[in-house]
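Chemist: Mind looking over this structure? Questions follow.
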Amino acid sequence: MRYGAEMRKIVERAGGRFMFAGRVDGLVSEVEELWDAVAVVEYPSLAKFQELVMSPRPEMQAIGVDREAGLAGQFLILTTATAF
């Protein structure tokens, strides 16, 4: 949770926003492990997302310890909004 709280600040300073965050109570499909939490984050652009996660930003390095301690794994899904 510490990593998520700090990451939210970094994302928002970069122009992104957290659309949803919540606990995972179960999964409909079969996967190896149950995920603890999920977050949906909107970034201004793919380029801004890449800049944020790929650059050696001091604030990202500062929360690296919490990321390692709190994340056994991470699954990123890049999407583009479409109308149904």
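Chemist: Got a number for residues in region 8-29 being of a type outside the set (Val, Ile, Thr) and within 17 Å of residue 45 (Cα to Cα)?
Modeler: 9
Chemist: Turning to a different aspect of this structure: Go through (1) in contact (Cβ under 8 Å) with a residue 24 or more places away in the chain; (2) part of a helix (DSSP H, G or I); (3) among the acidic types (Asp, Glu) and name the single condition residue 12 misses.
Modeler: (1)
Chemist: On the basis of being surrounded by 10 or more Cβ atoms within 10 Å (Cβ to Cβ), modelled with pLDDT under 80 and touching a Leu at 6+ places or on another chain (Cβ under 7 Å), does residue 34 make the cut?
Modeler: no
Chemist: Related question: Being more than 18 Å from residue 5 (Cβ to Cβ) and modelled with pLDDT of 80 or more is the filter here; which residues of region 44-59 pass it?
Modeler: Hits for region 44-59 are 44, 45, 46, 47, 48, 49, 50, 51, 54.
Chemist: Still on this structure: Mind checking whether some residue in region 2-13 is more than 15 Å from residue 76 (Cα to Cα), among the hydroxyl-bearing types (Ser, Thr, Tyr), at pLDDT below 85 and more than 14 Å from the chain's Cα centre (by Cα)?
Modeler: Scanning region 2-13 turns up no residue that is more than 15 Å from residue 76 (Cα to Cα), among the hydroxyl-bearing types (Ser, Thr, Tyr), at pLDDT below 85 and more than 14 Å from the chain's Cα centre (by Cα).
Chemist: Looking only at residues in region 1-18 that are in contact with a Phe, Trp or Tyr (Cβ under 8 Å, 6 or more places away or on another chain) and of a type outside the set (Gly, Ala, Ser), which one is nearest to residue 36 (Cα to Cα)?
Modeler: Within region 1-18, the match that is nearest to residue 36 (Cα to Cα) is 8.
Yes/no matrix, rows are residues, columns are (1) in contact (Cβ under 8 Å) with a residue 12 or more places away in the chain; (2) surrounded by 11 or more Cβ atoms within 10 Å (Cβ to Cβ); (3) in a helix (DSSP H, G or I); (4) among the acidic types (Asp, Glu):
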site: 21; (1), (2), (3), (4): yes, yes, no, no
site: 27; (1), (2), (3), (4): no, no, no, no
site: 41; (1), (2), (3), (4): yes, yes, no, no
site: 48; (1), (2), (3), (4): yes, yes, yes, no
site: 52; (1), (2), (3), (4): yes, yes, yes, no
site: 60; (1), (2), (3), (4): yes, yes, yes, no
site: 65; (1), (2), (3), (4): no, yes, yes, no
site: 81; (1), (2), (3), (4): no, no, no, no
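The values are calculated or read from the model by the stated rules, or taken from the named source; none is laboratory data. Because the structure is predicted, anything quoted here is derived from the model rather than measured. Heads up, the Cβs are rebuilt from the backbone with ideal geometry, glycines too, and the neighbour counts pull from every protein chain shown.
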